[in-house]
1. Suppose the filter is touching a Pro at 6+ places or on another chain (Cβ under 6 Å), within 28 Å of W329 (Cα to Cα) and not in a strand (DSSP E or B); does D114 pass it?
2. Is it true that some residue in the stretch 19-34 is within 14 Å of ligand 1 (Cβ to nearest atom), in contact with a Pro (Cβ under 9 Å, 6 or more places away or on another chain) and among the β-branched types (V, I, T)?
3. I336 is checked against (1) in contact with a Gly (Cβ under 9 Å, 6 or more places away or on another chain); (2) among the aliphatic types (A, V, I, L, M); (3) outside any helix (DSSP H, G or I) and fails just one. What number does that condition carry?
4. Among what's in the stretch 304-344 and is of a type in the set (V, I, T) and closer than 19 Å to A368 by Cβ, pick the residue that is nearest to the chain's Cα centre (by Cα).
5. All but one of (1) touching a helix residue (DSSP H, G or I) at 6+ places or on another chain (Cβ under 9 Å); (2) modelled with pLDDT of 95 or more; (3) closer than 30 Å to A270 by Cα; (4) surrounded by fewer than 22 Cβ atoms within 10 Å (Cβ to Cβ) hold for D132, so report the exception by its number.
6. I need the full set of residues from the stretch 160-204 which are within 21 Å of P226 (Cα to Cα) and touching an Asp or Glu at 6+ places or on another chain (Cβ under 8 Å), in order please.
7. Here are T11, T58: which of them is touching a Gly at 6+ places or on another chain (Cβ under 9 Å) and either of a type in the set (S, T, Y) or surrounded by fewer than 20 Cβ atoms within 10 Å (Cβ to Cβ) (or both)?
Amino acid sequence: MYINFWYPMATGAELTDKPVKVCCMGLDFVLFRDSAGAARCLANTCVHRGGSLAGGKTKGDCVQCPYHGWEFDGDGVCHRIPSLGSDARIPARVRTDAYPVQERWGIVFAFLGDLPEEERPPLLEVAEEGRDGWRLTMQNYELKSNYQRSIENGLDPAHNEFVHDTHGYQGENEGYKVNEMRIEERGEWGRGFWHTFNSPKLPEGEMRKLRDFEGDLEAGTGHHGPNQLWTYIHVTKENWFHQYAWERPIDDETSWIYLVTARNCAIDPAQDDYIKERNWYVAQQDITIVEDLHPIVTPETNTKEFMTPADQVIVMYRDKLSDWEARGWRIDFEKIQADSRKVAYAIPGPARREQKSWVIDSAPVIDASQSRRRTAEPVSRSA
Ligand code: FES
Ligand SMILES: [Fe+2]
């Protein structure tokens, strides 16, 4: 799990007039709306004596701790310590980590890290937003598995034939093989591929209207950062589904997935529920497999799995993760877990670069010089 990327924390609808506790990377955050209605995100542990801010209430631009009433605004600055009286000076050290927030497509994202704005990896964008002839839906669901396993499942061309009856033939096509993959470089933060695969007619009913023939289907998929995925499925030359998934690792075996589907066909709003139902049908097929993988966390070295050319983008994704680990962005999740009963940690927010003295310890990261992941000979090409 990596700091310095955007994470989906909640749906916009979940943030009402009460603060909400959200867990990411084993640590708790509080989300709330300020007086202008803007979503804000802070580390959840009160710096006084460990109160859970999310258990308190929203007051104006602040969240108020339920234990002794200290109030923190969306920048993490404390405005009131009731026990000191109304005109008390608040020490600068009384502050909590605050994280940049964007609310897009009905999802509240927080940038969990300390990079200044100009250095931050951007959020994966829905390119079709606002385009004529396109319609968007959003849905979200839990995955009882590791988020990296889930992203790698998305980057895997060879599972479609076996896992999805709408995409392939469930292993019944003896002539099946993965066609050539065209790698798509997407700059510093991601990479993907395009390929074609033979697919059956879509099921009878509404879907059949979108594709009523058997033949090749073009699809592209790629990751953005450690936890974001784009998947473009062109069911025919005209009918396209472009999906965007942002994943929040709650811990190393539980994740929450937020999925936006942009489509240029069946764009009547009355079709939204049906499209979401079909997405959920396909997602459940992936979930069944991904929740049962062993080990639940990807091995620290690629030698403990046998990779083939069809796995090449997964290997490349792991290489990117190693790069981010070498920058000191991989949190030491094992330490966070081992210490959880006795130490409160917070992901460092951008203010930690300006101000040095903090009450709450910064979440431990893997020492870049002792980077544990070693990429071995990645792909076996022998027949
Ligand atoms: S623990 Fe939060 S105000 Fe005391
Ligand atoms: Fe899948």
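The values are calculated or read from the model by the stated rules, or taken from the named source; none is laboratory data. Since this is a predicted model, take the numbers as computed values, not measurements. Positions of Cβ are generated from backbone atoms using ideal geometry, with glycine treated the same way; all protein chains shown enter the neighbour counts.
1. The answer is yes for D114.
2. yes
3. (3)
4. Among those that are of a type in the set (V, I, T) and closer than 19 Å to A368 by Cβ, it is I331.
5. For D132, the exception is condition (1).
6. R191, G192, F193, W194
7. Only one candidate passes the filter, namely T11.
Yes/no matrix, rows are residues, columns are (1) surrounded by fewer than 18 Cβ atoms within 10 Å (Cβ to Cβ); (2) of a type in the set (S, T, N, Q); (3) assigned to a loop (DSSP other than H, G, I, E, B):
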{"position": "F193", "(1), (2), (3)": "no, no, no"}
{"position": "K209", "(1), (2), (3)": "yes, no, no"}
{"position": "G220", "(1), (2), (3)": "yes, no, no"}
{"position": "T231", "(1), (2), (3)": "no, yes, no"}
{"position": "E238", "(1), (2), (3)": "yes, no, yes"}
{"position": "Q243", "(1), (2), (3)": "no, yes, no"}
{"position": "W246", "(1), (2), (3)": "no, no, no"}
{"position": "I257", "(1), (2), (3)": "no, no, no"}
{"position": "T261", "(1), (2), (3)": "no, yes, no"}
